[in-house]
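A.B. asks: So that we are looking at the same thing, I have put the structure below in structure tokens.
The values are calculated or read from the model by the stated rules, or taken from the named source; none is laboratory data. For clarity, every value in this text was computed on a predicted model and none was experimentally measured. Quick reminder, even Gly has a Cβ in these numbers, built from the backbone with ideal geometry, and neighbours come from all protein chains shown.
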Amino acid sequence: MNYADQRAVESLARNRREVIEMVQNKGIKSTQKLLERAETDLVQRIKQAEGLSGPGKDTFTATQLRATLAQVKDVLRYLVSGMKGEILDRGEEAAKGATRHTIDHLIALDKAFRGTGTQPLSLKEAQMFDAASEGVRSSILRRLASSGTPPARGTEVESPHKAKLGILQRYGVETIKRFEQTLQAGLLGKKSWADMRADIIADSPFLQQAPGFWAKRIVRTEVMGAYNRAGWHATKDADRQLGDMVKILSATFDDRTAADSYAVHGQIRRPDEPFEWWDGLYQHPPNRPNDREIVTPQRISWPISAYLKWRSDDEVMAAWRRQGRKGAPPPRPNMTTVPLARFGA
């Protein structure tokens with residue numbers, strides 16, 4: 001098997017492994033409906049893209065959409081004909097059972113625009129919006145609208161919080177559910193943030209009257225939350241196998257970076273230990289709207305990169321002043337629960 005074939009097979013294998021996990025958490029029928037919604041949406045978007053560029057024209061957008069559609073169809077075929085209510089082969093052998101036509105199609109698309117044909121679906125990230133498996137933490141909005149309902153045993157520990165009743169007044173539980181479903185389909189279909197923003201505005205009369213940045217903030221925060229939550233699950237899985245994983249907070253630094261991000265950048269925790277910031281505890285970003293932090297998975301046996309070095313108290317104070325805040329910032333939280341001397345030893 002050549003390199004291009006291998007990449008295509010690996011993408012299909014990953015999709016099938018992750019759809020099995022999704023089925024285990026939400027059932028075959030719900031998973032099938034989500035994939036069918038994504039398929040219908042992708043067909044419509046391909047027609048629109050071809051209408052703009054001409055039938056069969058190779059634009060990046062149209063090529064990426066065709067590759068995504070091919071993978072969605074492959075997973076649907078596997079779901080309907082391959083599983084039949086049972087969990088079958090999880091590994092690469094399952095993907096090798098895909099038709100040669102699908103693999104050849106992905107390779108051809110990848111040749112037209114490198115990276116479009118062999119990029120796997122975001123099934124794991126989409127699953128993070130599923131309330132059946134993630135409960136009140138399936139979205140940031142649902143968590144804020146909850147009344148501090150405790151998570152399922154063994155999943156995570158966070159400080160209690162009061163419900164943000166304004167969230168329910170603006171949107172309501174059913175609208176939040178539609179947001180989650182819309183964002184799920186958007187992640188699967190590789191929609192842009194602008195497209196997902198338009199979709200959730202269509203879901204909510206309130207957002208249709210609100211300033212445009214409200215919907216943008218929801219999409220940005222929720223998508224970052226889904227990717228970080230999926231990464232957190234992956235880090236916990238790796239720790240079960242390796243035994244020495246930690247998670248490290250990594251902030252983005254520019255003129256928009258707030259003092260709280262300077263204060264927590266580089267913070268180190270074991271996978272199940274919550275991070276700390278000035279307003280409480282959280283297992284993974286975002287800890288507030290527009291939070292741009294991500295989590296870097298790290299083995300204790302590896303040295304810590306220079307970028308993840310803690311920022312100084314002077315830098316925290318300078319950011320605090322740029323925000324126009326008075327007095328002194330709160331004390332720095334505990335920055336690590338694992339002695340630094342152990343890293344790379």
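A.B. asks: Taking the stretch 262-290 on its own, how many of its residues are in contact with a Ser or Thr (Cβ under 8 Å, 6 or more places away or on another chain) and closer than 23 Å to residue 314 by Cβ?
C.D. replies: Residues that pass the stated criteria total 4.
A.B. asks: Right, next: Can you tell me how many residues in the stretch 286-345 are without any contact (Cβ under 8 Å) to a residue 24 or more places away in the chain, among the hydrophobic types (A, V, I, L, M, F, W, C) and part of a loop (DSSP other than H, G, I, E, B)?
C.D. replies: Counting residues in the stretch 286-345 that are without any contact (Cβ under 8 Å) to a residue 24 or more places away in the chain, among the hydrophobic types (A, V, I, L, M, F, W, C) and part of a loop (DSSP other than H, G, I, E, B) gives 1.
A.B. asks: Please enumerate the residues belonging to the stretch 284-298 that are at pLDDT 85 or above, surrounded by fewer than 19 Cβ atoms within 10 Å (Cβ to Cβ) and of a type outside the set (S, T, N, Q).
C.D. replies: If the condition is that a residue be at pLDDT 85 or above, surrounded by fewer than 19 Cβ atoms within 10 Å (Cβ to Cβ) and of a type outside the set (S, T, N, Q), then 292, 294, 297 are the ones that fit.
A.B. asks: Here is a further query. Restricting to the stretch 258-281, name every residue that is assigned to a loop (DSSP other than H, G, I, E, B) and under 13 Å from residue 248 (Cβ atoms).
C.D. replies: 265, 266, 267, 270, 271, 273, listed by residue number.
A.B. asks: Under 30 Å from residue 240 (Cα atoms) and charged (D, E, K, R) - does that describe any residue in the stretch 329-343?
C.D. replies: Yes.
A.B. asks: Next question, about the same structure. Tell me the residue from 168, 141 that is surrounded by 13 or more Cβ atoms within 10 Å (Cβ to Cβ) and either at pLDDT 85 or above or of a type outside the set (A, V, I, L, M, F, W, C) (or both), please.
C.D. replies: Result of the check over 168, 141: 141.
A.B. asks: Testing residue 214 on (1) closer than 20 Å to residue 145 by Cα; (2) more than 14 Å from the chain's Cα centre (by Cα); (3) modelled with pLDDT of 90 or more, one condition comes back false. Which one is that?
C.D. replies: Exception for residue 214: condition (3).
A.B. asks: Checking residue 237 against (1) free of Cβ contacts under 8 Å to residues at least 12 places away in the same chain; (2) crowded, with 16+ Cβ neighbours inside 10 Å, which test does it fail?
C.D. replies: That leaves (2) as the condition not met.
A.B. asks: Quick check on the stretch 180-214: of everything there that is of a type in the set (D, E, K, R) and part of a helix (DSSP H, G or I), which residue is surrounded by the fewest Cβ atoms within 10 Å (Cβ to Cβ)?
C.D. replies: By that ranking, first place goes to 195.
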